[in-house]
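Heads up: the structure comes next, in C-alpha cells.
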Amino acid sequence: MSIEFVRYIDKTREYYHRQGYDRSYNWAHNETSAFTPLSKPLSESRVMLISTAGFTLSPEGGFSESELKELKKGGSNMGSYDLEVFPVPSDLAEDRIVYVVANHDTAQSDMADVNSYFPIARLREFVAEGRLGSLATEFLRLKENYSQRKTMEVDAPEVLRRCREDNVDVALLTPV
Amino acid sequence: MTFSNARDISTSAFNPRLVFTNYPLGNPAGRPFDVVNQREILETAFQMLERATEAGEIVDTPHQWSENHDWMRLIFSDEQPFLSEDAERDRRERLEKNRTAKGPESK
C-alpha cells in the first residue's frame, strides 16, 4: 500500500510559481545523518524538546488583548542571521506558551493545544510515570529560517552546546 | 528523534529517526486535546529510540485526521488562503498584476 500524504515540496513550488516567482526554494537534502544509539534505558534518560513552532512565552497572568493583537500582527516567524535559540523552562505552565505566528495553513487546526506541537505536559506525565528519566531544565525554541547555512552554523551548535551542558541523552524535535 | 507532518520535506532533509503522522502542519506531536492520541505518538517514538540501530528509520503512524482527505487537497489552494487577510490581499493583487502583465494567453 502506498502512503498518501501531502507533497509540500511540489505544492509550494507550484503555488509560488503561479504568483510569478520563477526560482523555487532549495529544500534541505541529505543522504544520511549522524546516529547515536540510546546508551541507557529511557527510564534513566534525560530528554530535551526542541521546536520551531511560532510561540512565545507570556508573563504570569498572560498577555493583554492588545499585546496579543500586536504579537499576532508581526506576521512572520522567519529568523535573521542572529543566534535565535530561546529557552523554555520545562516546568513552565502550559498556558504560558502562546502561539502567535503561523507560517503555514491553519485552516484545519488553530494551534490551540500546545501539546500538539510542543508536548510539554505529555513529557512531564511520562517522567512522572517513570517511562522517561528526567527532562532538560530548559527546552528550546528556534526561529525557522530560510537559510540552511544559518541553521547549521549558528543555531545548531548552540542547541548542541545546551544539550551537552545539561547532560541530555535524547532530543525530540518538533518542526512546525 | 523528529516528529513530522511533512513527510517529503523531512525525508529530503534526512533524520536519524522520524515519526510521521499524516495530520495538517502544526500537529507533529498529535491531535489537539486528544491525550490518548498524543501519548500514542510519543510512545511510538520511545519504542523506536529503544529499537533503532542505524540512521534513517521512519515510522508512519496509522492515524487519520478526518474521514476524507479534503484537507490535503485544500492545502495551498486558492479555495483556502493560508495567509493573514492583509497578506492574502497583497498576494491576490500581485497575482492579478502578473496575469495582466503577461496577458490572457499565459493565464
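The values are calculated or read from the model by the stated rules, or taken from the named source; none is laboratory data. Keep in mind the model is a prediction, meaning the values are calculated, not measured. Note that each Cβ is placed from the backbone with ideal geometry, even for glycine, and that neighbours are counted across all protein chains shown. The accessibility values were calculated without ligands, DNA or RNA, using every heavy atom of the protein model including side chains. Shrake-Rupley method; radii C 1.70, N 1.55, O 1.52, S 1.80 Å.
Whether any residue in the stretch A:98-113 is farther than 28 Å from residue A:162 by Cα and touching a helix residue (DSSP H, G or I) at 6+ places or on another chain (Cβ under 6 Å) is what I want to check. Among the residues of the stretch A:98-113, at least one is farther than 28 Å from residue A:162 by Cα and touching a helix residue (DSSP H, G or I) at 6+ places or on another chain (Cβ under 6 Å), which makes the answer yes. A single member of A:107, A:128 is at pLDDT 95 or above, out of contact with any strand residue (DSSP E or B) (no Cβ under 7 Å at 6 or more places or on another chain), hydrophobic (A, V, I, L, M, F, W, C) and open to solvent by 60 Å² or more (accessible area, probe 1.4 Å), and it is A:128.
Yes/no matrix, rows are residues, columns are (1) facing chain B (nearest Cβ under 7 Å); (2) more than 22 Å from residue A:145 (Cα to Cα):
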site	(1), (2)
A:9	yes, no
A:12	yes, no
A:17	no, no
A:26	no, no
A:37	yes, yes
A:42	yes, yes
A:48	no, no
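Starting from residues that are within 15 Å of residue A:36 (Cβ to Cβ) and in a strand (DSSP E or B), keep the ones in the stretch B:1-17 and report whichever is nearest to the other protein chains (Cβ to nearest Cβ). By that ranking, first place goes to B:2. Considered as a group, the residues in the stretch A:1-50 that are among the aromatic types (Phe, Trp, Tyr) and surrounded by 12 or more Cβ atoms within 10 Å (Cβ to Cβ) include one that is farthest from residue B:52 (Cα to Cα), and that residue is A:21. Any residue that is more than 15 Å from the chain's Cα centre (by Cα) and more than 7 Å from chain A (Cβ to nearest Cβ) - is there at least one of those in the stretch B:18-26? Looking through the stretch B:18-26, none of the residues is more than 15 Å from the chain's Cα centre (by Cα) and more than 7 Å from chain A (Cβ to nearest Cβ).
Taking first residues from the stretch B:53-73 that are open to solvent by 60 Å² or more (accessible area, probe 1.4 Å) and partners that are assigned to a strand (DSSP E or B), the Cβ contacts under 6 Å between residues at least 6 apart in sequence or on separate chains come to B:58/B:18.
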